[in-house]
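What follows draws every value from the coordinates through simple rules; no lab data is involved. Keep in mind it's a predicted model, so treat the numbers as computed, not measured. A quick note on method: Cβ atoms are made from the backbone with ideal geometry, for glycine too, and the neighbour counts reach across all protein chains shown.
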Amino acid sequence: GNIRYSVPEETDKGSFVGSIAKDLGLETRELMERGIRIVSRGRSQLFSLNPRSGSLVTAGRIDREELCAQSTPCVVSFNILMEDEMKLLPIEVEIIDINDNTPQFQLEELELKMSEITTPGTRIPLPLGQDLDVGINSLQSYQLSANPHFSLDVQQGPEGPQQPEMVLQRPLDREKDAVHYLVLTASDGGSPIHSGTLQIHVQVVDVNDNPPAFTKAEYHVSVPENVPLGTRLLKVNATDPDEGANGRVTYSFHKVDHSVVRKFQLDAYTGELSNKEPLDFEEYKVYPMEIQAQDGAGLMARAKVLVTVLDVNDNAPEVGITSVTNTVPENFPPGTTIALISVHDQDADNNGHITCSIPGNLPFKLEKLVDNYYRLVTERTLDREQSSRHNITITATDQGTPPLSTQAHISLLVTDINDHHHHHHHH
Ligand SMILES: *[C@@H]1O[C@H](CO)[C@@H](O)[C@H](O)[C@H]1NC(C)=O
Ligand SMILES: *[C@@H]1O[C@H](CO)[C@@H](O)[C@H](O)[C@H]1NC(C)=O
């Protein structure tokens, strides 16, 4: 029958393959005598006969993968010529695979893009690894680095693992993780095991899945009514974690009165609110408004803004005088009413709280009737010889800081008692 040997690949030159002499039942010396030799078949000689030992040995390093690629078994056939009998003896040598190749991917790195709204369960085919070895020394398994989002599924074929696929396990969120770094490892079954890796970068593509969100639900500010025009009163801020236009926020008034639009300016890009007209506490004390933030794709959020105007003592008291009489007889009894005085101040609180006074050296006094109403009365009998005409200055002062005051004058003529009587009798 045929003579069949086997030898592992990659052994050193001269490695023993089989004992030809023994298997032909010949003595070593007979090999030479009978002219036994290998007949080359064109291909460069892989084996040679050692005439002294009668052994078939390797003529050089043999690479199984170069010789047979993936086909198995890898058998080299040739003949031995027995010259004396002109007989050809077929020999087969099987080259045994050793694990001299590592599984490899054609790429080192794979860049994938996945929309962040990709549904879980979606499968992404991955590149195949390759190991030139055969059998158990060839690629046996794939592993994916541990991660919460992707799992690996590999269809098993008759020859081992087929297509590796990545399966999305849970929703992606670009705002949490914009890139996922994974490693796919392909391993063979040799001893020791060899493995190759592929870096996978999954870039999560933004979807406008986040509306803007204000940093506060309500923004409040109190400003004195005399703030200069264009003062930055407050700044609203809405953030949107989406990317690019999806995350670019602009601001606008939502539901506001005309008065708000007239008085205030909202910067669409910075969210700064400023006053473009003077504020007047006496006109409006609070301006409620609603501001809207909108991202580039139209998602929006709203926040309330309340601008409270603080009173500033910018109004002097107003004094109203209702004269009862312009003349008073000199002997009239104390307590005669000369005038009614009403005061008013548009400011609030202390800024509008008024006290009224007259100079202290006069024969008159102010009596308070109710809040903001006074009566000017004579305090003692007037003496015409001392003063026939009085110019009484009434000072109304508020309690603002600084206080504002207003003066008004009442002019009074003191008439002669005789004149008076004379007139009286006359009528
Ligand atoms: C808005 O608020 C966020 C979060 O507090 C902050 O990081 C950001 O700088 C603010 N933006 C502006 C324009 O103030
Ligand atoms: C009263 O006095 C004030 C200031 O002292 C003056 O402005 C005003 O004209 C006077 N009134 C009369 C009627 O004299």
(request) Determine the sum of side-chain charges near residue 32: Lys and Arg each +1, Asp and Glu each -1, restricted to other residues whose C-beta is under 14 angstrom from that of residue 32. (result) -1
(message) For a Förster distance of 60 Å, can you work out the FRET efficiency between the beta-carbons of residue 314 and residue 388, rounded to the nearest 0.05?
(response) 0.90
(message) Quick check: the distance between the Cα centres of the stretch 213-281 and the stretch 299-329, to the nearest angstrom?
(response) 27 Å
(request) Report the full-extension gain for the segment residue 252 to residue 136: residue separation times 0.36 nm, less the Cα-Cα distance, to one decimal in nm. (result) 34.9 nm
(request) Rounding to the nearest 20 debye, state how big the charge dipole of the chain is about its Cα centre with +1 on each Lys and Arg Cβ and -1 on each Asp and Glu Cβ. (result) 20 debye
(message) Give me, ordered by chain and number, the residues 5 or more places off residue 364 or on other chains with an amide H under 5 Å from its own placed amide H.
(response) 379
(request) Compute the long axis of helix 417-426 from its Cα atoms, compare it with the longest principal axis of the Cα atoms of the chain, and write down the angle in degrees, 0 to 90, nearest 10. (result) 70 degrees
(request) Only residues of the stretch 300-316 count here: report those whose backbone N is under 18 Å from the spot 7 Å along Cα→Cβ of residue 234, or say none. (result) 301-311
(request) For the stretch 104-118, just list the computed ³J(HN,Hα) in residue order, Karplus coefficients 6.51, -1.76 and 1.60, θ = phi - 60°, integers in Hz, with x standing in for Gly and Pro. (result) 9, 10, 6, 10, 8, 9, 10, 9, 10, 10, 9, 5, 6, 9, 4
(request) Name the residue, out of 182, 49, 234, whose mean-square fluctuation peaks in a Gaussian network model built on the chain with Cα pairs under 10 Å. (result) 49
(message) Check which residues have an amide H placed less than 5 Å from residue 200's amide H, if you skip close sequence neighbours.
(response) 110, 182, 183, 184
(message) Largest first and in whole Å, what are the equivalent-ellipsoid semi-axes of the stretch 1-152 based on the Cα gyration tensor, each being the root of 5 times an eigenvalue?
(response) 51, 13, 12
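Taking K and R as +1 and D and E as -1, what net charge do the other residues with C-beta under 15 Å from the C-beta of residue 123 add up to?
Spelling it out: positives minus negatives among the neighbours equals -1.
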(request) Enumerate the calculated ³J(HN,Hα) couplings along the stretch 342-350 in order (Karplus 6.51 cos²θ - 1.76 cosθ + 1.60, θ = phi - 60°), each rounded to whole Hz, writing x wherever the residue is Gly or Pro. (result) 10, 10, 7, 9, 6, 6, 9, 6, 4
(request) Using DSSP to define loop residues, name the trypsin sites (Lys or Arg not before Pro) in the stretch 215-272 whose beta-carbon has at most 14 other beta-carbon atoms within 10 Å. (result) 216, 255
(message) Run the simple label-point estimate for residue 331 and residue 53 please: 7 Å along Cα→C-beta, distance reported in nm.
(response) 16.7 nm
(request) Quick one: what are the phi-derived ³J(HN,Hα) couplings along the stretch 396-406, Karplus 6.51/-1.76/1.60 with θ = phi - 60°, whole Hz, x for glycine and proline? (result) 9, 10, 8, 10, x, 10, x, x, 10, 9, 10
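Once the other residues with Cβ under 14 Å from the Cβ of residue 367 are scored (Lys, Arg +1; Asp, Glu -1), what is the net sum?
It works out to a net charge of +1.
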(request) Between residue 23 and residue 154, with labels modelled 7 Å along Cα→Cβ, what's the label distance in nm to one decimal, could you check? (result) 3.7 nm
(message) Can you give me the long-range amide H partners of residue 18? Hydrogens built in the peptide plane at 1.01 Å from N, cutoff under 5 Å, separation of 5 or more residues or another chain.
(response) 56
